[in-house]
Structures are given as structure tokens and as C-alpha cells.
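Enquirer: Let me give you the structure first, and then I'll get to my questions.
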Amino acid sequence: MSGRVVLAYSGGLDTSVAVHWMRAELGLDVVAVAVDVGQGGDFEAIRTRALAAGAVEAVVVDGKEEFAQDFLVPALAANSLYEGRYPLVSALSRPFIVRHLVAEARRHGAGAVAHGCTGKGNDQVRFEVGTQSLAPDLDIIAPVRSWGMTREETIAYAEKHDLPITITRERIYSIDENLWGRTIECGILEDPWAAPPDDVWERSVERTTEPVDTVVGFTSGIPVTLDGSPLPLPQLISEMDRIAGSRGYGRIDMVEGRRVGIKSREIYECPAALSLIAAHSDLEGLTLERDLLHEKSRLEPRFSELTYDGMWFSPLREALSAFIESSQRHVTGEVRLRFTPGGGMQIVGRRSPHGLYDYDLATYDAADAFRHEDSEGFVRIFGLGVKTWAAKQGVNSRRDA
Ligand code: ARG
């Protein structure tokens, strides 16, 4: 094989060794692409490390705004929680990174893209199915899956070739992060009975026991204000993360079904994602007509599964998103969240100019516009089918007796 490959580069051990290995073993020129999705870190240092590892080019993409608009907004609109609990942190960033890998592959005339995933996880599926969906002509290389080196051997490889890595011989956890949250795997966490040790938490560590009310404002399903102040979406998410996280809110501890057939124990901390999903779905309760709300909530788990499974660019995911987006027209208004010590969160208020809540209809007080006598006939006809059935049952059971 010869030519160019575009590698999704994180700056860690595996992808640094991958840069050198693809050059040495496959004879490829490696273009390293690091995408900033809000994981934090020094991207200039990451760029320098890629070049030092032997990349012919190192590109840093500041993707936070685009990631938030194009991936987090649709996921929030879908109240997206895989297996009812996981807000799809890594599952959302992978197709976004793929979009940029493919763009860089075109820009640099590369014939392949590469990633640093192992063979046991979901992320390989997302990188590869994503690439197949956007660029069926590109080859895919997964060095970490194919080189067969243990972690020890990978470190030895880096040392032998003088690659600039920060060596932690006993890596305790495997962590992935972006604006939407932080994922933690491996180490002691592989025992699903073992309580997560304190050192896994970062974003959801209680820093104050002061309860706080926070108001999130939405326009057509998109969060646009925090306590009345407009904020660009990435900042709004970070600020929400800080407020909720500093009250200890946002932790998830679950056993999850991977696409590759493995059950795995996962720890997540997603203060902003869980807060915003709770607020958004509450506002839908106020603003969406009943049938639309119910139908939408039946489609949401499918959206989450498709996203989890790396099917972001599939026609079904896109069609579901088109439906969901059209449902969001009137999801405008404000939701008040109350954070309490020990990681508690409650929605304590909501209001909307498009709210379907009508006090005069809902109240049990006083005279109102609702014509009570209409209910009598309505209920009789509504129950007519089961009444007829029940009467027949009586006849049948008497006959059987
Ligand atoms: N289990 C989660 C998922 O599949 C988290 C994956 C984290 N990825 C990682 N390379 N550490 O979405």
C-alpha cells in the first residue's frame, strides 16, 4: 500500500504509535487530524506530538460549535438516551469526527482513513460505518486492531522509536470526553458489582451544598438562554455542566449492550446532557399535542439505537430526525430546574407562549368553559367497545358453564 492516510488522532499512546506504525509497516504518509469536540487539552501540543511521531501533516479542527449544532441539537430534540440512560456521548462525536476525516481525506488526496479503536468496542463500528456512508470509495485502516501488540509492547514500541508520549504504565481507566459528557471504562470498573471509586469522577463532584434554581430557555427545541442570558450553544452546555455538576448531578452507572455483542459496565458523567434532556422533554409535555408527543416518544429509542450503532448517516436516522425536527416548531419556552445537595435534580416549573396547558380547562375550581355534561356521552361511547365485549364474555362463560 502506498499513498496517504488520514488518521483520527487523539494525542494518546495508541494513535501516536499508529502514526509511526503506518509509516513504517504500510509505507503510508499520515495526515493526523485532531478534532476539538470540547474534550479539553492543549491542541497545539497534540499537533506537535503528531508531527514528532512522523505525521506529514497535523490538522486541528475546532469543531465545538458545529458539533453542538449538527449533532447535539438533533440528539437533544430526540431526548436521546441509549437503553434509557446513556446520552450517547461518544456515539455522537464519532460520526462528527468521521465527517472531518473524510473532508481532510479529500483535501489531502488520501485514499484511506484510519482510527485507533480496538476490536471490542462500538467506536470502530461508528468510524467505519460512518466512513462507508459518507465515502464508500475510501479504504479503512485500524492499526490498533491489527497490530496485535499488548499495551506493554505498544509502550516499548514508542520508547524504541522515541515517540513523544506521556507514559502511564498502568493506565487505570479508558476515558472519552466531549461537550456532552465524559465516559469512563476499564480497571476496577470491569467488575459490575464494584462501586465506582471516587477518583473516576471529575465533572460531577459536589463543590457546593447550596441548592440552586436554573432556568433554561428553548427556542424550537434548541437551548438558547441560561437564567435569561443568551449564550452560544457550546458555552451554554459547558455552563449547564458546571452548575449541575458542582451539585453532584449527572452520574450514570450501568451495564450496557454493545453493538458487538458484549455487555460492558460503563460509568458516565453527563450533568449538562441529562439536565437539558430532562428540561427539553418536560417542555415538550407542555407544548406538544398529545398524539404527536406519544408518537415521537415511540421513535426516540430507535433514534438512539441507530446513533449508538454508528448509523448516524443512514437514511432512517435522517428521516427520523426530519420528523423530530418538524415536531420542534413550538418547543419554545422556559424550564426551571432545581439542583439540591447530593446530586438531586427536579424540574419545578415550565412556561411557554405555545403552551397547551389551559388553566380554565384544567382547574377543578369554580365555573368554567368546560361543558361537564358533554363528558357523559363521550365516556359512554368511548367505553362502548369494551362494554359490548364484556357483555358477550358473560354470555360465553354462561354457555361454557
Ligand atoms: N460505551 C460508550 C459508547 O459506546 C463509551 C465509549 C467510550 N469510548 C472510548 N474509546 N473510551 O458509546
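Enquirer: Kindly indicate which of 356, 337 is in contact with a strand residue (DSSP E or B) (Cβ under 8 Å, 6 or more places away or on another chain) and surrounded by 12 or more Cβ atoms within 10 Å (Cβ to Cβ).
Expert: One residue alone meets the criteria, 337.
Enquirer: Given the condition part of a helix (DSSP H, G or I) and either within 16 Å of the ligand (Cβ to nearest atom) or at pLDDT below 95 (or both), answer yes or no: does some residue in segment 314-322 qualify?
Expert: Yes, because at least one residue in segment 314-322 is part of a helix (DSSP H, G or I) and either within 16 Å of the ligand (Cβ to nearest atom) or at pLDDT below 95 (or both).
For every residue, the table says whether it meets (1) acidic (Asp, Glu); (2) within 23 Å of residue 274 (Cβ to Cβ).
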| site | (1), (2) |
| --- | --- |
| 35 | no, no |
| 44 | yes, no |
| 49 | no, no |
| 61 | no, no |
| 64 | no, yes |
| 69 | no, yes |
| 73 | no, yes |
| 83 | yes, yes |
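Enquirer: Next up: So, of the residues in segment 317-348 that are out of contact with any Leu (no Cβ under 6 Å at 6 or more places or on another chain) and free of Cβ contacts under 8 Å to residues at least 40 places away in the same chain, which turns out to be nearest to residue 134 (Cα to Cα)?
Expert: 318
Here's the yes/no breakdown for (1) modelled with pLDDT under 95; (2) surrounded by 15 or more Cβ atoms within 10 Å (Cβ to Cβ); (3) hydrophobic (A, V, I, L, M, F, W, C); (4) touching a Phe, Trp or Tyr at 6+ places or on another chain (Cβ under 9 Å):
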| position | (1), (2), (3), (4) |
| --- | --- |
| 195 | no, no, yes, no |
| 237 | no, yes, yes, yes |
| 243 | no, yes, yes, yes |
| 266 | no, yes, no, yes |
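Enquirer: Quickly run through segment 54-81 and pick out the residues that are more than 16 Å from the ligand (Cβ to nearest atom) and in a helix (DSSP H, G or I).
Expert: Residues satisfying the conditions are 64, 65, 66, 68, 69, 70, 73, 74, 76, 77.
Enquirer: Give, as residue ranges, the strands (runs of 3 or more DSSP E) completely inside segment 82-199 that count at least 2 residues that are aliphatic (A, V, I, L, M) and more than 13 Å from the ligand (Cβ to nearest atom).
Expert: Result: 112-114, 139-141.
Enquirer: Out of all the residues in segment 282-299, which are in contact with a helix residue (DSSP H, G or I) (Cβ under 8 Å, 6 or more places away or on another chain) and in a helix (DSSP H, G or I)?
Expert: 284, 285, 292, 293, 296, 299
Enquirer: Might you let me know whether segment 172-179 holds any residue that is over 27 Å from residue 22 (Cβ atoms) and either of a type in the set (Phe, Trp, Tyr) or modelled with pLDDT of 95 or more (or both)?
Expert: For segment 172-179, residues over 27 Å from residue 22 (Cβ atoms) and either of a type in the set (Phe, Trp, Tyr) or modelled with pLDDT of 95 or more (or both): present.
Enquirer: Would a scan of segment 250-272 turn up a residue that is part of a helix (DSSP H, G or I), farther than 30 Å from residue 119 by Cβ and out of contact with any helix residue (DSSP H, G or I) (no Cβ under 6 Å at 6 or more places or on another chain)?
Expert: No; the residues of segment 250-272 include none that is part of a helix (DSSP H, G or I), farther than 30 Å from residue 119 by Cβ and out of contact with any helix residue (DSSP H, G or I) (no Cβ under 6 Å at 6 or more places or on another chain).
Enquirer: Same structure, new question: Please determine, by comparing only the residues of segment 1-48 that are among the β-branched types (Val, Ile, Thr) and either closer than 21 Å to residue 150 by Cβ or touching a Cys at 6+ places or on another chain (Cβ under 9 Å) (or both), which one is surrounded by the most Cβ atoms within 10 Å (Cβ to Cβ).
Expert: 19
Enquirer: Residue 304 versus (1) buried (at least 17 other Cβ atoms within 10 Å of the Cβ); (2) of a type in the set (S, T, N, Q); (3) in contact with a Lys or Arg (Cβ under 7 Å, 6 or more places away or on another chain): which is the lone unmet condition?
Expert: That leaves (3) as the condition not met.
Enquirer: Just give me the residues in segment 56-72 being over 28 Å from residue 4 (Cα atoms) and surrounded by fewer than 19 Cβ atoms within 10 Å (Cβ to Cβ), in sequence order.
Expert: Within segment 56-72, 65, 69, 70 meet the criteria.
Enquirer: Could you list, in sequence order, all residues of segment 220-244 that are more than 17 Å from residue 71 (Cα to Cα) and in a helix (DSSP H, G or I)?
Expert: 239, 240, 241, 242, 243, 244
Enquirer: Go through segment 239-260 and count every residue that is among the acidic types (Asp, Glu) and more than 15 Å from residue 226 (Cα to Cα).
Expert: So the count comes out to 2.
Enquirer: State all residues of segment 150-167 that are among the aliphatic types (A, V, I, L, M) and in contact (Cβ under 8 Å) with a residue 60 or more places away in the chain; if no residue qualifies, say none.
Expert: Passing the criteria: 155, 158, 163, 165, 167.
Enquirer: May I ask you to verify whether residue 85 is surrounded by fewer than 18 Cβ atoms within 10 Å (Cβ to Cβ), charged (D, E, K, R) and modelled with pLDDT of 95 or more?
Expert: When the stated conditions are applied, residue 85 passes them.
Enquirer: Every residue in segment 200-219 that is part of a loop (DSSP other than H, G, I, E, B), surrounded by fewer than 14 Cβ atoms within 10 Å (Cβ to Cβ) and hydroxyl-bearing (Ser, Thr, Tyr), please.
Expert: 208, 209
The values are calculated or read from the model by the stated rules, or taken from the named source; none is laboratory data. Everything numeric in this text was worked out from a predicted model, so none of it was measured. Cβ sites come from the backbone with ideal geometry, for glycine too, and all protein chains shown count toward neighbours.
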